[in-house]
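J.: Provided herewith is a single structure, encoded as structure tokens, for subsequent inquiry.
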Amino acid sequence: MSPAPGAPVLEVAVQDVGGAVAAVRCGADRLELCSALAATGGLTPSRGLLDGVVAALATHAALDAPLGGTGRSVGVHVLVRPRPGGFVYDADEVDVQVRDVRAAVAAGAAGVVVGALDAGGAVDVGTLRRLVDAADGRDVTFHRAVDVAADPRPVLDTLRACGVVRVLTSGGAARAADGTDRLAAMVAHADRRVQVMAGGGVRPADVSALVALGVDAVHLSASRHVAADGGPGGGGGDGYTTTDPDVVAAARAALDAVTV
């Protein structure tokens, strides 16, 4: 079921093909595709992963419709972030990101998720404009680099002027549920000119309070840990995370309960 016009959207961050399909089956409206989410906050996924996810979702939609499903198409928005750490990039890193944005668009991404700051902590407008241009009309989301800003409200104006559609933010807190005052201020200032998407440690129990702020979307990783010892050459026993269908379904139910 697609969200009603104006209703908040459920976005799920996924890291693998199975997780992407599971998220859509359990009610995600939009996907953010990334890699190394738990360890780094998310990095650019491989082209092979993007190809696999786009193909799997197309197959899922085609198979779902004859069985009485909606056969809906869910957009894949690709995180473009070349390394962990801060968001100030040198010329080579910017060039890589421009190439990654173009590759994502060529592979069928519905949008990209980017962010770049200058040494003073303001939006790197020159870099952002290059990334928006490379997106060739696809949706551009500015990620949680916005949470570094002392006052995000002028940042929203800059993003809109650069052609950014939405911003992902926790309201400057470790968890969006703890950043509600700043989130509310951002929603009021944006006034629908830029979409505000609440994300950062979001749990299904947080959805109702976040929607009450007037956000345009709620974003969560909905992940579970998988134990898998990689030995000394594979990161030891840290394992990895993947999408938990039960968490996605719970978030979907929580969103539907406050938007009917």
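The values are calculated or read from the model by the stated rules, or taken from the named source; none is laboratory data. Bear in mind the structure is a predicted one, so any value in this text is a computation, not a measurement. Note that each Cβ is placed from the backbone with ideal geometry, even for glycine, and that neighbours are counted across all protein chains shown.
J.: Could you figure out which of (1) more than 16 Å from the chain's Cα centre (by Cα); (2) surrounded by 14 or more Cβ atoms within 10 Å (Cβ to Cβ); (3) modelled with pLDDT of 95 or more isn't true of ASP64?
T.: ASP64 satisfies all of (1) more than 16 Å from the chain's Cα centre (by Cα); (2) surrounded by 14 or more Cβ atoms within 10 Å (Cβ to Cβ); (3) modelled with pLDDT of 95 or more except (3).
J.: Follow-up. Please go through (1) touching a residue at least 40 places away in the same chain (Cβ under 8 Å); (2) surrounded by fewer than 23 Cβ atoms within 10 Å (Cβ to Cβ); (3) farther than 17 Å from MET197 by Cβ for ASP139 and return the number of the only condition it doesn't satisfy.
T.: (3)
J.: Check region 193-202 and report whether any residue there is at pLDDT below 95 and surrounded by fewer than 22 Cβ atoms within 10 Å (Cβ to Cβ).
T.: No; the residues of region 193-202 include none that is at pLDDT below 95 and surrounded by fewer than 22 Cβ atoms within 10 Å (Cβ to Cβ).
J.: Any residue at all in region 94-113 that's closer than 25 Å to PRO154 by Cβ, modelled with pLDDT under 95 and not hydroxyl-bearing (Ser, Thr, Tyr)?
T.: No: region 94-113 contains no residue that is closer than 25 Å to PRO154 by Cβ, modelled with pLDDT under 95 and not hydroxyl-bearing (Ser, Thr, Tyr).
Residue by residue, here is whether (1) exposed (fewer than 15 other Cβ atoms within 10 Å of the Cβ); (2) of a type in the set (Gly, Ala, Ser); (3) in contact (Cβ under 8 Å) with a residue 24 or more places away in the chain holds:
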{"site": "VAL207", "(1), (2), (3)": "no, no, yes"}
{"site": "VAL215", "(1), (2), (3)": "no, no, yes"}
{"site": "PRO232", "(1), (2), (3)": "yes, no, no"}
{"site": "ASP238", "(1), (2), (3)": "yes, no, yes"}
{"site": "LEU255", "(1), (2), (3)": "no, no, yes"}
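J.: Can you say whether LEU50 is within 16 Å of the chain's Cα centre (by Cα) and at pLDDT 95 or above, as far as the supplied structure shows?
T.: yes
J.: Give the residue, chosen from VAL74, VAL14, that is at pLDDT below 95 and either among the aliphatic types (A, V, I, L, M) or over 30 Å from GLY126 (Cα atoms) (or both).
T.: Selected residue: VAL74, the only one of VAL74, VAL14 that is at pLDDT below 95 and either among the aliphatic types (A, V, I, L, M) or over 30 Å from GLY126 (Cα atoms) (or both).
J.: Which one of the conditions (1) over 17 Å from the mean Cα position of the chain (by Cα); (2) of a type in the set (Lys, Arg); (3) modelled with pLDDT of 95 or more does ARG144 fail to meet, given that it meets all the rest?
T.: If we test ARG144 against (1) over 17 Å from the mean Cα position of the chain (by Cα); (2) of a type in the set (Lys, Arg); (3) modelled with pLDDT of 95 or more, just (1) comes out false.
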